[in-house]
Amino acid sequence: MIAFVARRLGQAVVVTFGVATLTFILIHAAPGSPLSGSESLYVSPEVVAQTRRNFGLAQPLPVQYVRYLGNLARGDWGMSFSQHRPVLAVFADALPNTLLLAVAALLVDFTLGIAIGTLQGMHPGGRLDRACSALTLTLYSIPVFWLGLMAVLVFGIELHWLPASG
């Protein structure tokens, strides 16, 4: 049992290291930089260079990578470029609303799933069973981001039942 837990913990460390490495690579491979918009805002090149030094973006990539892994290990996620405060604080502020939304969505999913499953179980092979199967398979196949946009369009903009933004 202890060997199994140790093996799983080792796998978790390897996966975490892999995800952190892949994240670092993808962030640095993306075009532009967090400061690329600063040039268009009439910020002097000296200020941009100083800001790059302050955030450690002027250092070589291996140095940035080691510092990145060290900061992740300590729980220091850095500063948010958009909100100008620690990322952990931004995350902590967003977490309660995110959890509330997730729990509400799960309750709706479970309630509808149990209701539809009960209806299908009452009439196996019938028209209602086939219709519910087709409907749920279709909804399951639609990308969530597209379904969310369509829900905003229908319920927020067309029907005015919910706010479309804000």
Problem set entry | Subset of region 25-43 (residues that are modelled with pLDDT of 80 or more, open to solvent by 60 Å² or more (accessible area, probe 1.4 Å) and not in a helix (DSSP H, G or I)) | PRO31
For this session: Report yes if THR118 is among the β-branched types (Val, Ile, Thr) and either in contact (Cβ under 8 Å) with a residue 12 or more places away in the chain or touching a Leu at 6+ places or on another chain (Cβ under 8 Å) (or both), otherwise no.
Result: no
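The values are calculated or read from the model by the stated rules, or taken from the named source; none is laboratory data. None of these values were measured; they are calculated from a predicted model. Counting neighbours? That spans all protein chains shown, and the Cβs are built from the backbone with ideal geometry, glycine included. These area figures cover heavy atoms from the full protein model, side chains too; ligands, DNA and RNA do not enter into them. Shrake-Rupley method; radii C 1.70, N 1.55, O 1.52, S 1.80 Å.
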